[in-house]
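*Asks:* Shown below is the structure under consideration.
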Amino acid sequence: MKKPLQTTNIPQVKDIKDIIDAVQNVSEKFGLASLERQLEATQTLLSQNPPIDVAVLGQFKAGKSSFLNSLLGQNVLPVGVIPVTTAITRLEYGEKERVTVRHFDGTTISVPLANIAAYTSEAQNPDNKKNVAIVDIELSSLKKYAELRLVDTPGLGSVYKYHQSTAQNWLPEVGTALLAISADRPLSEHDLTLLSELTAHTPNVIILLTKADLLSAGQQNEVINFFRQTLQKELHQELPVYLYSTKTDTARYQEIIEREILKISANRDFEFLRILRHKTKFLVKSTMGYLNVALNSSLQADQQKEKLRAQIINEKVNETIIREELMIIARENQQQTRPLIQTYLEQFAGPLAQKARTRLARELPGWKGNLWKLTRRYEDWVSQIMSEEMSNLSKTEHHNFYGTLKKAHASFSRSIEVFRQLLSANIEQVLGAKLADVEWEIEPPQPDQPDIAFTKSFDIHLDLIWFLIPMFIFRKLFERHFIKGLHREVEINISRLAYQWEKRINYAIDSMRNQAITYVQKEITTIEGLLSQTKGKTEEIRHLTVLLQNLSDNLAA
Ligand SMILES: Nc1nc2c(ncn2[C@@H]2O[C@H](COP(=O)(O)OP(=O)(O)O)[C@@H](O)[C@H]2O)c(=O)[nH]1
Ligand SMILES: [Mg+2]
């Protein structure tokens, strides 16, 4: 066996290795089992750099074994009128005659040359009961073909089906193919199929028309022409066609075919690389074919997913629409907040004013000083009383201010519930999966108690004229004025209280609306996330296709 090809020194070999690695990668990723055999055979060629296998293929009884015996000038291989050859038999140069029988389980035995029929013939090894994978025969007479191995194969189309599969399985190994066709049996369908298959595995196919002695010279020419025309018509190929006979004119035929085989031997490394390149290109072509299938199905899967998404997140389950709906609920309720509180509080205005008047009427006579002092005292008093009263009102009545907050909460909850039901139904219909029931709770925020701040509401500006007014005359007048003014103070403060609560309640409504929107967004994002996780491999496949294409473009023709 030769030394491995120096992968680093020969650029072509390095390129081929890169491609094979890429194909291997794709093959593993996509489970391309049907590429395995070819891939493995090519990898073996690359790593072991074995002699070129010149294989004789063709239908059973075509005269394959007879041809090889004739070429060797030695009856090494069993021949017969019934299907004979059972196992792949390789003949190569060796200093000493030696036969190694290799079994499928990896074990090998050495046998004398005279005994090989015990392993390679149907008669002595029926159904390949002996589990022979390959028989290697080394002969010193093969020195002139030192760089080659001549390979005998079981026939195709034999009644023994495993003959066919043995030959077929071995095809990825083939270096140069000699297709043996009996000259008296013009090209069959089998042969054409085999030919087109062979061109996938090797750039070198030679047609050998055996048993030429069965035809006259004229018939021979006729058959050769028929072959050339048919190959052109059926396979669009021109292949070399040679005659052979083991019976008559053998030396003449032999000389020509021997010259062809020796040419391969003489240019062994060049031919080897050519064959390797051919196999590699074919591997790439097959891989691309598979990738294309994968790409199409992945594209379909992506489209399918896009369709699913559109069916689930449809016009009803749609963030924009729900946002609008929530906005309307918020606005309608918020507009009602102030009037509701205001109306409710108005009932307290009269009694409160009355209460204040009574108190003031009781306390006023005790107040001393001029009008300025009286007025300051009054303002302080009103401020304190209003603070107390408003704070009380807020404490005892605030639960009556929440009408719009409660209504908004109920409406938001209903909206969200409907959204979730629609989403759930869509998912169930499209994916056949049920969403887990998750209760959606909006937290209604508790508005704080508002601060009570008294606004100066005494509209008569007395500061500048107080010293002009004689109190002993007007005291009663001002007392009446103070008492009368109390009603307005109460009304202003109630309005203020209503406004302060409105602000707090409407803020709480907004905060619930935001909670609702966040919930909808999260729900939609989750579903979209689930759908996109199983995205097709489209991008990856495209990437691999480009990579393989680039690599194989590097490979010179
Ligand atoms: N007339 C004639 N018969 C041949 C020739 N070569 C082989 N045969 C016969 O064809 C039959 C099959 O030969 P074999 O080598 O076993 O065919 P294989 O099955 O293709 O290996 C045998 O009976 C041979 O004698 C030939 O050149 N001329
Ligand atoms: Mg045979």
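The values are calculated or read from the model by the stated rules, or taken from the named source; none is laboratory data. No experiment lies behind these values; they were computed from the predicted model shown. Positions of Cβ are generated from backbone atoms using ideal geometry, with glycine treated the same way; all protein chains shown enter the neighbour counts. Protein only, heavy atoms only, side chains kept; ligands, DNA and RNA dropped before computing areas. Shrake-Rupley method; radii C 1.70, N 1.55, O 1.52, S 1.80 Å.
*Asks:* Scan region 285-324 residue by residue and report those that are in a helix (DSSP H, G or I), over 22 Å from the mean Cα position of the chain (by Cα) and buried (at least 17 other Cβ atoms within 10 Å of the Cβ).
*Replies:* Result: Ile322, single match.
*Asks:* Being more than 12 Å from ligand 1 (Cβ to nearest atom), open to solvent by less than 10 Å² (accessible area, probe 1.4 Å) and modelled with pLDDT under 90 is the requirement here; does Val23 meet it?
*Replies:* The answer is no for Val23.
*Asks:* If you take the residues in region 209-234 that are closer than 12 Å to Leu179 by Cβ and of a type in the set (A, V, I, L, M), which one is surrounded by the fewest Cβ atoms within 10 Å (Cβ to Cβ)?
*Replies:* My answer is Leu231.
*Asks:* Those residues that are within 11 Å of ligand 2 (Cβ to nearest atom) and either assigned to a loop (DSSP other than H, G, I, E, B) or over 55 Å from the mean Cα position of the chain (by Cα) (or both), I need them from region 77-92; list them, please.
*Replies:* Selection gives Leu77, Pro78, Val79, Gly80, Ile82, Pro83, Val84, Thr86, Ala87.
*Asks:* Something else now. Counting only residues that are without any contact (Cβ under 8 Å) to a residue 60 or more places away in the chain and surrounded by 11 or more Cβ atoms within 10 Å (Cβ to Cβ), which one in region 235-247 is farthest from Glu189 (Cα to Cα)?
*Replies:* Taking the candidates together, the pick is Lys247.
*Asks:* Name the residues in region 182-208 that are surrounded by 23 or more Cβ atoms within 10 Å (Cβ to Cβ) and near ligand 1 (Cβ under 10 Å from one of its atoms), would you?
*Replies:* Once the filter is applied, which keeps residues that are surrounded by 23 or more Cβ atoms within 10 Å (Cβ to Cβ) and near ligand 1 (Cβ under 10 Å from one of its atoms), region 182-208 yields only Ala183.
*Asks:* Return the pair list, or none, for Cβ contacts closer than 9 Å from residues in region 34-55 that are more than 17 Å from Ala200 (Cβ to Cβ) to residues that are in a strand (DSSP E or B) and open to solvent by 60 Å² or more (accessible area, probe 1.4 Å), at least 6 apart or on different chains.
*Replies:* If the second residue must be in a strand (DSSP E or B) and open to solvent by 60 Å² or more (accessible area, probe 1.4 Å), the pairs left are Pro51/Tyr93.
*Asks:* Residue by residue through region 117-128, note down the ones that are over 47 Å from the mean Cα position of the chain (by Cα) and open to solvent by 80 Å² or more (accessible area, probe 1.4 Å).
*Replies:* Once the filter is applied, which keeps residues that are over 47 Å from the mean Cα position of the chain (by Cα) and open to solvent by 80 Å² or more (accessible area, probe 1.4 Å), region 117-128 yields Ala123, Gln124.
*Asks:* For Glu271, state whether it is of a type in the set (D, E, K, R), surrounded by 15 or more Cβ atoms within 10 Å (Cβ to Cβ) and not assigned by TED's automatic domain parsing to the domain that holds Lys407.
*Replies:* So Glu271 passes the test.
*Asks:* Which one of these does Glu92 not meet: (1) surrounded by fewer than 14 Cβ atoms within 10 Å (Cβ to Cβ); (2) over 19 Å from Gln168 (Cα atoms); (3) more than 8 Å from ligand 1 (Cβ to nearest atom)?
*Replies:* (1)
*Asks:* Of all residues in region 479-533, how many are of a type outside the set (A, V, I, L, M, F, W, C), within 60 Å of the chain's Cα centre (by Cα) and buried (at least 17 other Cβ atoms within 10 Å of the Cβ)?
*Replies:* Of the residues in region 479-533, 8 are of a type outside the set (A, V, I, L, M, F, W, C), within 60 Å of the chain's Cα centre (by Cα) and buried (at least 17 other Cβ atoms within 10 Å of the Cβ).
*Asks:* For region 29-76, name all the residues that are within 16 Å of ligand 1 (Cβ to nearest atom) and in a helix (DSSP H, G or I).
*Replies:* Once the filter is applied, which keeps residues that are within 16 Å of ligand 1 (Cβ to nearest atom) and in a helix (DSSP H, G or I), region 29-76 yields Lys64, Ser65, Ser66, Phe67, Leu68, Asn69, Ser70, Leu71, Leu72.
*Asks:* Only one of (1) in contact (Cβ under 8 Å) with a residue 40 or more places away in the chain; (2) open to solvent by 40 Å² or more (accessible area, probe 1.4 Å); (3) under 30 Å from Lys484 (Cβ atoms) fails for Gln354. Which number is that?
*Replies:* So Gln354 meets the others, but not (1).
*Asks:* So Tyr119 fits all but one of (1) within 19 Å of Leu178 (Cβ to Cβ); (2) within 16 Å of ligand 2 (Cβ to nearest atom); what number is the exception?
*Replies:* Looking at each condition in turn, Tyr119 falls short on (1).
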